[in-house]
1. Roughly how tilted is helix 11-22, in degrees to the nearest 10 and between 0 and 90, from the longest Cα axis of the chain?
2. Fewest first, what order do Ile238, Ile30 take by the number of other Cβ atoms within 10 Å?
3. Grab the eigenvalues of the alpha-carbon gyration tensor for segment 108-195, scale each by 5, take roots, and send me the semi-axes largest first in whole angstrom.
4. Quick check of the Kirkwood formula: for segment 241-291, what is the inverse mean of 1/r over all pairs of different Cα atoms, in Å?
5. With N denoting the number of residues in segment 100-157, provide Rg(C-alpha) divided by 2.2 N^0.38 Å, to two decimal places.
6. Sort by residue number and report every cysteine in the chain with no other cysteine beta carbon within a distance under 4.7 Å.
7. Of Lys90/Lys266; Lys39/Lys266; Lys32/Lys287; Lys67/Lys237; Lys67/Lys228; Lys42/Lys237, which sit over 22 Å apart, Cα to Cα?
8. Longest span of the chain, sites excluded, free of GluC sites (Glu not before Pro) in DSSP loop with at most 10 other C-beta atoms within 10 Å?
Amino acid sequence: MANIVIVGRGPAGISAALYTLRAGISTTVIGKDNGTLGKVDKIENYYGFPDPISGSNLVQTGIEQAKRLGADFVEDEVVGISYDGRLIVKTTGGEYPADALILATGSTRSAPRIKGLQELEGHGVSYCAVCDGFFYRGKEVAVLGNGDYAIHEALELLNTSKSVTVLTNGKKMLASVPEGIQLCTKEIHSLDGDPVLNQVRFQDGSSLNAEGVFVAMGVAGSTDLARKLGAEVDNNKIVVDENMSTNIPGLYAAGDCTGGLLQIAKAVYEGAKAGTEAIKFVRAAAKAAKV
Ligand SMILES: Cc1cc2nc3c(=O)[nH]c(=O)nc-3n(C[C@H](O)[C@H](O)[C@H](O)COP(=O)(O)OP(=O)(O)OC[C@H]3O[C@@H](n4cnc5c(N)ncnc54)[C@H](O)[C@@H]3O)c2cc1C
């Protein structure tokens, strides 16, 4: 039976799920938390509520609605996506195969402010281990982050790089560090190199040789995830057409992660559109498999 996986349980993700579920397609919604709306106290510009409603209430109402229609909710963090004949969504706790995938992960946070980081993007600074790890075969690399996502990226790099160091930039490490990966919790002063990165300099004056630094702060953002499949991104947004399709067949994106008007009404519309297009995609694939 076809399965659609939706990453994100905000207005875009839930709206998509309402369509896929009502089309009779098994739907898994993976979300880490209440997203942007979890931080919003009062909403009074969204249709249908005579009194202001809190963001958390709105999210919970949406979740209940999708549950009533049969959605399978998973509370977990997505750390990777790959394609192996079928799309596979990887979380910290498991893997979820998908016949179509909708990314509805909100807007991507900006990169940390570290001297040299922006200037060296594409010249040693990367945002995707699975995309760029190949260029650092046999080299010393580092991953900037302090959670499960950073460890996922470090493990990916460990397959090919000479050494991998996770740099927490003064933050506490929140995930356990597997054997083979070094950990450095010092505060970073700068990323150095001209024209390409060659070292990370710390506030205490010491340094670490590194030809690649992979940024994996906090939770994997929408563009981080999209990049893993080779989907086109533009700065911090996923590039989609009018049907919410990315350039990868079966991969859709909706809500704040596609840029434009960062509002609930737009997220709900795009979720509905991505849901209806994903339905068409899985139905066409099922039909093609029969002939
Ligand atoms: C302070 C503030 C006030 C706002 N007020 C309003 C308002 O009054 N009216 C209005 O219309 N809009 C308002 N907005 C904007 C509105 O909140 C967003 O436009 C809307 O929430 C976008 O919905 P979304 O589904 O795209 O993303 P989000 O609501 O951000 O949901 C993202 C989902 O993705 C999940 N996620 C992300 N990464 C991962 C991962 N790696 N693994 C698993 N899950 C992941 C999150 O857990 C979450 O469930 C406000 C925003 C802010 C910041």
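Readers should treat all values here as calculations from the given coordinates under stated rules, not as data from a laboratory. These figures come from a predicted structure and were not determined experimentally. Cβ atoms come from the backbone with ideal geometry, glycine included; neighbour counts cover every protein chain shown.
1. With both axes taken from Cα atoms, the answer is about 50 degrees.
2. Ile30, Ile238
3. 18, 17, 12
4. 11.6
5. Relative to the rule-of-thumb radius for its length, segment 100-157 sits at 1.26.
6. Cys184, Cys257
7. Pairs exceeding the cut-off: Lys90/Lys266; Lys32/Lys287; Lys67/Lys237; Lys67/Lys228; Lys42/Lys237.
8. 45-178
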